[in-house]
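S.K.: Once you've had a glance at the structure underneath, I'll fire off some questions.
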Amino acid sequence: MTRQKVKMAFIENESSRKATYKKRKRGILKKANELATLCGVPVGVIIDSPYDLTPEVWPSREDMDNVLSQLQRLPVMDRTKKMLNQESYLKQSISKASETCKKLTKENKELEMKEVMFDCLSGKTSPSRIEKNDLGGCGNVIEQYLRNLNRRIEILSKNDGASSSSVHVVASTSVAMPIVELGSSSTAFCDMIRQQQIQSNMNQNVGGLDLNQQQW
Amino acid sequence: MVRKSKGRQKIEMVKMKNENNLQVTFSKRRTGLFKKASELCTLCGAEIVVIVFSPGKKVFSFGHPNVDCVIDRFANINPPNPRQHTDIQLSEARRNAIVQDLNNHLTQVTEEFEIEKKRTEDLKQKRKNSHMRENWWEEPIEELNLSQLTEFKCGLEKLRKTVTTEACKNFQAIVPRHNFYGGSSNNSTFGICDDHTDNIDTDLDLYNHQRMVATNTFACNQHNMMVPYHITSPFGNIANSNIIEGFAPEYNQNPNQFCFKQEQMSECDQHSAHPPRFGHGYY
C-alpha cells in the first residue's frame with residue numbers, strides 16, 4: 001500500500017494526533033538508539049506532551065543527567081554553536097534544499113541546451129528559432145563543448161603524430177565545402193557531413209574519413 | 001542493467017568498524033533524527049530536546065521550543081511564573097506562526113526539487129531514446145577519432161557564430177541602431193552585425209542606452225556575456241577583451257548594478273552633449 005504524503009502542519013484531529021504522536025515517538029527513540037549504538041556516541045532525548053504524564057526520557061534519567069553534565073562542561077560557544085530550534089532548523093533545511101534545487105535546475109538547463117545544440121547541428125532547428133533567453137545558455141554549452149573538443153584533439157594529436165596527414169585531408173575537404181552564409185547555417189553541419197560522405201565515396205582514397213565504418 | 005550499489009541492507013546493531021563510514025553514518029543519521037524531531041513538534045505540538053555528541057566530541061542539539069527551556073523544565077530549575085503565562089502564550093503563538101510559514105516554504109522547495117528531478121529523468125531518457133545514434137557527433141567525445149573531432153569542431157564553431165549573430169540581433173532590436181560610440185561608419189559596435197547605420201543621434205544620451213541595455217537579453221545572461229567574445233568579424237579579428245570592455249565596462253565589473261547605475265547619475269552627466277564615455281573610433 002503506497003504511503004500517503006503527510007502535510008507538515010499541526011494535526012487538528014485529536015485522536016489522529018494522539019496516534020501519530022505515539023507512533024512517531026517510538027520511532028524517534030528507536031532512531032536515537034540506533035545512532036548511539038552504531039556510532040558509539042552519547043545521545044539524550046526528552047519528549048514531553050499533553051499525552052504523557054511525565055516526560056519521556058531516553059536512555060534513562062541517569063544517562064540523561066550524564067549527557068547534560070557533559071553538555072554543561074563545554075564552554076558556551078561550543079554548546080550553542082550547533083544548537084537548533086524549529087525556526088533555525090527549518091531555515092537551515094530550506095537553504096540546503098534551495099541550493100540543491102538550484103544546482104539541479106542549472107544542470108537541467110545545460111542538458112536542455114545540449115539538446116538544442118544537437119538539434120541545430122542535425123538541422124532539426126536553427127539558431128533563429130531558439131528562445132531569446134536561451135541563446136546565452138546555448139552559447140555557453142557550445143563554448144564548453146568546444147573546449148572539451150579542443151582538449152581531446154590536443155591529447156589525440158600528441159599521441160598520434162602519424163595521422164596528422166589524415167587530419168590535413170579532412171581539413172582541406174572541409175574548407176572546400178560550400179560555406180553557407182551565417183543566416184542559414186543551421187543545416188550546414190549535417191549537410192556538410194553528408195556531402196563529405198558522398199565525396200569520400202567517390203574518391204577511393206579516403207584519408208581519415210571513414211564515417212560509415214567508424215561508429216557501428 | 002548494472003546495479004550501482006547493493007541497495008538497502010540490514011546492518012548489525014553494533015558499533016561500526018570503519019571510521020569513515022562511522023562518520024558518514026553519524027552525519028546522515030543525526031540529520032534524519034533531527035528531521036523526525038522537527039516533524040513530531042510540528043505535527044503533534046510536542047516539546048522535545050535531542051542532544052547528540054559526535055565522534056569528534058562536538059555537540060549537536062535540537063530543541064523545541066528551545067533546548068535550554070526544555071532542559072530547565074526537566075531539571076526543575078525554573079518553574080514557570082504564572083504571571084509570565086500570557087507572555088509565554090503570545091510568544092508561542094507567534095513562534096508557531098513563523099514555524100508554520102517555514103514548514104510551508106520547505107514543502108514548496110521540496111516539491112520544486114522533485115519536479116526538477118523528474119525533469120532530469122525525462123531529459124536523460126530523451127537523450128537515450130533519441131536519434132537512434134544516427135548522428136556520430138552526438139556520441140561521447142572520447143569515442144570520436146581525430147578527424148571526426150576536427151570536423152565537429154568546425155561545425156560547432158560555425159554554429160557558435162550564428163548563435164552569436166542571433167543574440168546580437170536581439171540586442172539591436174531593443175537598442176536603437178546607433179553607433180553610439182561615435183565611431184566611423186565602417187565600425188559597428190560588434191563588427192558582425194551588418195545592419196548598422198552611421199547616424200549618431202546626439203540627443204540620445206548614453207545613459208538612455210544603458211537603461212535600455214538593462215532590459216535586454218544580456219541582462220538575463222549576466223554570467224555569460226558570451227556575445228562578442230571570440231568572434232571573427234568580417235571586419236577582422238576583434239581582440240578578445242576590447243569589445244566587452246569598450247561596450248559597457250561597468251557591466252563587466254558587476255552586471256548586477258544595471259539598475260543602480262541610473263540613480264547615481266549626476267545632472268551634468270545627463271547632458272546630451274556629453275561625449276560618449278567609451279571613446280569613439282574604438283575599433
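S.K.: Suppose we keep only residues that are in contact (Cβ under 8 Å) with a residue 12 or more places away in the chain and more than 10 Å from chain B (Cβ to nearest Cβ) within the stretch A:56-74. Which one would you say is nearest to A:LYS22 (Cα to Cα)?
M.R.: Among those that are in contact (Cβ under 8 Å) with a residue 12 or more places away in the chain and more than 10 Å from chain B (Cβ to nearest Cβ), it is A:PRO59.
S.K.: In this structure, is B:LYS36 in contact with a Gly (Cβ under 8 Å, 6 or more places away or on another chain) and either closer than 27 Å to A:ARG61 by Cα or surrounded by 15 or more Cβ atoms within 10 Å (Cβ to Cβ) (or both)?
M.R.: So B:LYS36 passes the test.
S.K.: How many of the residues making up the stretch A:1-29 are aliphatic (A, V, I, L, M), within 7 Å of chain B (Cβ to nearest Cβ) and not in a loop (DSSP other than H, G, I, E, B)?
M.R.: Selection size over the stretch A:1-29: 1.
S.K.: Which one of the conditions (1) loosely packed, with under 14 Cβ neighbours inside 10 Å; (2) modelled with pLDDT under 90 does A:GLU115 fail to meet, given that it meets all the rest?
M.R.: Here A:GLU115 clears every test but (1).
S.K.: Being charged (D, E, K, R), part of a helix (DSSP H, G or I) and surrounded by 15 or more Cβ atoms within 10 Å (Cβ to Cβ) is the requirement here; does B:LYS28 meet it?
M.R.: So B:LYS28 fails the test.
S.K.: For the stretch A:126-159, name all the residues that are in contact with a Ser or Thr (Cβ under 9 Å, 6 or more places away or on another chain) and either within 19 Å of B:TRP137 (Cα to Cα) or outside the structural domain of A:ARG194 (by TED's automatic domain parsing) (or both).
M.R.: Result: A:SER126, A:PRO127, A:GLY139, A:LEU149, A:ILE153, A:LEU156, A:SER157.
S.K.: Determine if the stretch B:81-99 includes at least one residue that is more than 11 Å from every other protein chain (Cβ to nearest Cβ), at pLDDT below 95 and in a loop (DSSP other than H, G, I, E, B).
M.R.: yes
S.K.: On to the next question. Show the residue pairs that are 6+ apart or on different chains and have beta-carbon atoms under 8 Å apart, the first residue being within the stretch A:124-152 and facing chain B (nearest Cβ under 7 Å), the second being surrounded by 18 or more Cβ atoms within 10 Å (Cβ to Cβ) and aromatic (Phe, Trp, Tyr).
M.R.: What qualifies is A:GLY136/B:PHE218; A:LEU149/B:PHE152.
S.K.: Next up: The conditions are (1) at pLDDT below 80; (2) of a type in the set (S, T, N, Q); (3) under 24 Å from A:LYS102 (Cα atoms), and B:GLN125 fails exactly one of them. Which is it?
M.R.: B:GLN125 satisfies every listed condition except (1).
S.K.: Does the stretch B:14-25 hold any residues that are surrounded by 10 or more Cβ atoms within 10 Å (Cβ to Cβ) and either in contact with a strand residue (DSSP E or B) (Cβ under 8 Å, 6 or more places away or on another chain) or over 24 Å from A:LEU68 (Cα atoms) (or both), and which are they?
M.R.: If the condition is that a residue be surrounded by 10 or more Cβ atoms within 10 Å (Cβ to Cβ) and either in contact with a strand residue (DSSP E or B) (Cβ under 8 Å, 6 or more places away or on another chain) or over 24 Å from A:LEU68 (Cα atoms) (or both), then B:MET16, B:ASN21, B:VAL24 are the ones that fit.
The values are calculated or read from the model by the stated rules, or taken from the named source; none is laboratory data. All values reported here derive from a predicted model rather than from experimental measurement. Virtual Cβ from ideal backbone geometry, glycine too; neighbours counted across all protein chains shown.
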